[in-house]
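The values are calculated or read from the model by the stated rules, or taken from the named source; none is laboratory data. Owing to the predicted nature of the structure, the values given are computational and were not obtained by experimental measurement. For neighbour counting, all protein chains shown are included, and Cβ atoms are generated from backbone atoms with ideal geometry for every residue, glycine included.
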Amino acid sequence: MSFDNGTYVRFKTLNHRISGPQMWAQESSGMYSLSGREVLDLGILSIGANTSELEIRCRLNGTLAPLNATSELVGKDFSIPYYVFDSDTTLDEDTEFWFYIPPSYDITYDPLNGSSSYTSNPYSDQKYFLVSGGNDSYQPIPLEAIPEPATSRAMNARATWVYDTAMYNLVGTGRRWMGELFDFTTTRVYDFRERTAMTASTVNQPVPGTAVHVQIKAVARSSTNNTKLLVQYGSQSASVTFPAVQTGSVSNYVQEKLLTATFTADQSASITLSYDKAGNNAAAMWLDEMIVDWETSEEEVYPSQSMVNHPRGAGNYSHFNVEGTSCLRIFGIENRQISSLVEPAVVVSRGLDQYQWKWYSHEDKLRTYKIGYCTDPLAYIVDQKVDLGTIETAVLSDLDGIESIIIAPDSLLDAAQELAVLERSTGVSSEVVALSYIYDEMNTGNPDIGAIRKFLVKAYADYGTLKYLTLFGDASYDYKGKLQGRQSNLVPTYHTAASFSLYTSYITDDFYGYLDAGETLNWFLDDLDVGIGRIPVRNVQEAQEAVAKIGNYLQGADRFGPWRARGVFVVDDVDEAWEKEFAVVQDRLAKKLDTTRAELNQIKIYSDAYLQDTKPGSQRYPEARQALFNEVEQGALAVSFVGHGGEVGWTTERILQLEDINGWNNTSKQ
């Protein structure tokens, strides 16, 4: 195999979300190993090949920034270093390739305050990486072997527990998900030592007298002030108070608070969280995330641990002691990748294949160390063997001269190809690109809407012919497929981080249309560079029906006629002052079309121009609804709507409903 030939193996790690006591392999020390046997069995390299020919690619970021770079990273830009344990440089079954893969989320330890900063990954709880042959630029990992200095200070291991279960999306919008509900149950106890050590014994216990740093994000919903989150560690406590939620139609569903506390470690390793409802039985709280950092004198190796030297400057040294078998792999980690192989200064036998390992660290800079067992490295999954030469969809080099790109998941590629054929029949050059290929090419297999945009940025910049983008598949706020039932997040869209109000939260496919270098999320400053459409199908049958419908538009007997000179412009009514913008935006579009498409006969259905039928608990615009139904039934080249709406209709007054859509009978004229 070789990346140059388009052949590689896609791997994925096990779940990185730490939600409770789990097996060793499901924790994330980040140290992985590929055996020579696996490399041979997968056909990545052949027996006797030089071990330096292996290439491992992984984009090490948690999630991608939305800023378009002048030159997007691809291919070899994602190669990561690895260390080869072998008697020579020739591949055999006993060869070991060791490398570091960070978790799917971003976590950074700050030695100055002794705590970690954490950013969740909204798209995946697993990390993907690609492996192939053909590497011609392998750089050996240097040894870090420091002899015993005159003086050095002993350093304890650092342990970090991230707790982020992400169980509930409270409003059904945005990318933020909350954890446990504190309602009927208002108190929960979390043993952070046990949840990182996977055992009920005392290993990984905090060192008495040292600092235990706790960071907690939570949200609460209460009609009254002064409900409170209480955090208890031994005899020490901290709290934060929530204000009442506002009652306006655009207010957030919950109030959010961050609690940070530093406790002095005692014999306890439990954090107790309680929600004080302040007499309001209807109040409720959801835990968002909790990060606990502490220092442990435990010398037995656990994956939640890292060794950090806390630099004091050149000429100063630290030393670390760990216990394990005769087969530990100790690596220095910098910039989320292996930077050195540690050669201990002292290895002392403790009997029964147990040894104490001691090494020294120069404090000229921050140095972090991670440890793996060669007999029990972290587990991973072979996701897919890929051969780009056998796929029928386009790769990046095929897009020269292409005007239209259709992006589809693997399950819908056949129907997407049929759509491309229809586009070509109209004179538009069109190609289908598999979403999985985009993730591989731009993000080493990791799902991320930023990877889709970076792929389009590169195609737009390299070839200069791209005009149209079709997203062939439904989208959802459920990026990770947490909800029960049929999954609908086939081609993801942009969701805001704002997730507690339908007013401040929004979704948009426009994210994929800002393709110039330097553009980011400036919705009101940047212009779309391509036309974007989505066909929100969820399965093969829906996809085939949608393509057949489009084919009927292009080839049906009624595809021409007076209806093609009609455009229907619909506007929601004004319930809040800011909603006056609905009509302003629609008028702006209509005015532009007056000059660019002067032949278009504009039919306007503005809700506030119709009589409202008010009944207890509801308001309706029956005449506006009937007018919209009739105009679309008669036929319209374009229908534009500005206002509130969703999958089941438009406006609170329901001027368009599912029964209206199912009642239309003009398949060639809408």
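Checking Glu581 against (1) over 34 Å from the mean Cα position of the chain (by Cα); (2) farther than 30 Å from Pro409 by Cβ; (3) surrounded by fewer than 18 Cβ atoms within 10 Å (Cβ to Cβ): exactly one of these is not met. Which one?
Failing condition for Glu581: (1).
Counting just the residues of the range 102-117 that are of a type in the set (Ser, Thr, Tyr) and surrounded by fewer than 19 Cβ atoms within 10 Å (Cβ to Cβ), which one comes out farthest from Arg336 (Cα to Cα)? Lay out the reasoning, then the answer.
Start the filter on the range 102-117 by keeping residues that are of a type in the set (Ser, Thr, Tyr), which leaves 104-105, 108-109, 115-117.
Of the ones still in play, those that are also surrounded by fewer than 19 Cβ atoms within 10 Å (Cβ to Cβ) are 108-109, 117.
Numbers: Thr108: 10, Tyr109: 12, Ser117: 15 Å.
My answer is Ser117.
Considering Gly174, Gly179, which residue is small (Gly, Ala, Ser), crowded, with 16+ Cβ neighbours inside 10 Å and on the phi < 0 side of the Ramachandran plot?
Gly179
If you go through the range 342-356 one residue at a time, do you hit one that is under 28 Å from the mean Cα position of the chain (by Cα) and modelled with pLDDT of 85 or more?
no
May I ask you to say which residue of Gly36, Gly20, Gly62 is modelled with pLDDT under 90, buried (at least 22 other Cβ atoms within 10 Å of the Cβ) and among the small types (Gly, Ala, Ser)?
Gly62
Find the residue count for the range 142-164, including only residues that are surrounded by 19 or more Cβ atoms within 10 Å (Cβ to Cβ) and β-branched (Val, Ile, Thr).
2
Here is a yes/no grid of residues against (1) more than 30 Å from Asp414 (Cβ to Cβ); (2) out of contact with any helix residue (DSSP H, G or I) (no Cβ under 9 Å at 6 or more places or on another chain); (3) not assigned by TED's automatic domain parsing to the domain that holds Thr504:
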| position | (1), (2), (3) |
| --- | --- |
| Asn539 | no, no, no |
| Arg588 | yes, yes, yes |
| Gln602 | yes, no, yes |
| Arg625 | yes, no, yes |
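Of Leu502, Leu490, Leu483, which residue is of a type in the set (A, V, I, L, M), free of Cβ contacts under 8 Å to residues at least 24 places away in the same chain and over 20 Å from Gly6 (Cα atoms)?
Leu483
Quick grid of which residues meet (1) surrounded by fewer than 19 Cβ atoms within 10 Å (Cβ to Cβ); (2) touching a residue at least 12 places away in the same chain (Cβ under 8 Å); (3) within 25 Å of the chain's Cα centre (by Cα):
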residue: Gly48; (1), (2), (3): yes, yes, no
residue: Glu53; (1), (2), (3): no, yes, no
residue: Asp77; (1), (2), (3): yes, no, yes
residue: Tyr83; (1), (2), (3): no, yes, no
residue: Phe97; (1), (2), (3): no, yes, no
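Looking only at the range 507-522, filter to residues that are touching a Ser or Thr at 6+ places or on another chain (Cβ under 8 Å) and free of Cβ contacts under 8 Å to residues at least 60 places away in the same chain; which one of those is nearest to Ala69 (Cα to Cα)? Let's see the steps before the verdict.
Quick first cut of the range 507-522, residues touching a Ser or Thr at 6+ places or on another chain (Cβ under 8 Å) only: 507-509, 511, 514, 517-518.
Checking which are free of Cβ contacts under 8 Å to residues at least 60 places away in the same chain leaves us with 508-509.
Details: Thr508: 21, Asp509: 20 Å.
Restricting to residues being touching a Ser or Thr at 6+ places or on another chain (Cβ under 8 Å) and free of Cβ contacts under 8 Å to residues at least 60 places away in the same chain, the top hit is Asp509.
Within the range 291-312, is even one residue part of a loop (DSSP other than H, G, I, E, B) and exposed (fewer than 14 other Cβ atoms within 10 Å of the Cβ)? Steps first, answer last, please.
First pass over the range 291-312, keeping only residues part of a loop (DSSP other than H, G, I, E, B): 297-299, 301-304, 309-312.
Remaining after also requiring exposed (fewer than 14 other Cβ atoms within 10 Å of the Cβ): 312.
Yes, there is a match, as at least one residue in the range 291-312 is part of a loop (DSSP other than H, G, I, E, B) and exposed (fewer than 14 other Cβ atoms within 10 Å of the Cβ).
Kindly check whether there is at least one residue in the range 223-244 that is buried (at least 20 other Cβ atoms within 10 Å of the Cβ) and either assigned to a loop (DSSP other than H, G, I, E, B) or acidic (Asp, Glu) (or both).
Within the range 223-244 (the criterion being buried (at least 20 other Cβ atoms within 10 Å of the Cβ) and either assigned to a loop (DSSP other than H, G, I, E, B) or acidic (Asp, Glu) (or both)), the answer is no, since none of the residues qualifies.
Which condition from (1) at pLDDT 85 or above; (2) more than 30 Å from Met290 (Cα to Cα) is the one that Gly75 breaks?
Only one criterion in (1) at pLDDT 85 or above; (2) more than 30 Å from Met290 (Cα to Cα) is unmet by Gly75, namely (1).
Looking only at the range 641-662, count how many residues are under 23 Å from Gly556 (Cα atoms) and either in a strand (DSSP E or B) or in contact with a helix residue (DSSP H, G or I) (Cβ under 7 Å, 6 or more places away or on another chain) (or both).
So the count comes out to 1.
If Gln205 satisfies every condition in (1) at pLDDT below 95; (2) farther than 30 Å from Val574 by Cβ; (3) crowded, with 20+ Cβ neighbours inside 10 Å but one, which is the exception?
Just one mismatch for Gln205, condition (3).
Could you tell me which numbered condition Gly445 fails, if it satisfies all but one of (1) part of a loop (DSSP other than H, G, I, E, B); (2) on the phi < 0 side of the Ramachandran plot?
Looking at each condition in turn, Gly445 falls short on (2).
Of the residues that sit in the range 584-624 and are among the polar types (S, T, N, Q) and exposed (fewer than 12 other Cβ atoms within 10 Å of the Cβ), which one is farthest from the chain's Cα centre (by Cα)?
Thr614
Within the set of pairs 6+ apart or on separate chains, which have a first residue in the range 630-646 that is closer than 18 Å to Asn662 by Cα and free of Cβ contacts under 8 Å to residues at least 40 places away in the same chain, a second that is surrounded by fewer than 16 Cβ atoms within 10 Å (Cβ to Cβ) and not basic (Lys, Arg), and C-beta atoms under 8 Å apart?
As it stands, the answer is Glu633/Trp664; Glu633/Asn665; Glu633/Asn666, since those pairs meet every condition given.
From Leu413, Leu469, Leu456, Leu419, grab the single residue that is outside any helix (DSSP H, G or I) and either at pLDDT 95 or above or not assigned by TED's automatic domain parsing to the domain that holds Phe511 (or both).
Details: Leu413 fails: outside any helix (DSSP H, G or I); Leu456 fails: outside any helix (DSSP H, G or I); Leu419 fails: outside any helix (DSSP H, G or I).
Just a single option satisfies the conditions, and that option is Leu469.
Only residues that are under 30 Å from Glu579 (Cα atoms) and assigned to a strand (DSSP E or B): list them for the range 204-222, please.
Scanning the range 204-222 gives Val219, Ala220, Arg221.
Inspect the range 378-391 for any residue being among the polar types (S, T, N, Q) and at pLDDT 95 or above and give the result as yes or no.
No, because not a single residue in the range 378-391 is among the polar types (S, T, N, Q) and at pLDDT 95 or above.
Do we find a residue being of a type in the set (A, V, I, L, M, F, W, C), exposed (fewer than 15 other Cβ atoms within 10 Å of the Cβ) and in contact (Cβ under 8 Å) with a residue 12 or more places away in the chain anywhere in the range 127-139?
no
Tally the residues that are within 30 Å of Trp98 (Cβ to Cβ) and of a type outside the set (Val, Ile, Thr), restricting the search to the range 368-412.
Number satisfying all stated conditions: 15.
Quick one: in the range 382-405, of everything that is without any contact (Cβ under 8 Å) to a residue 60 or more places away in the chain and part of a loop (DSSP other than H, G, I, E, B), which residue is surrounded by the most Cβ atoms within 10 Å (Cβ to Cβ)?
The selected residue is Thr393.
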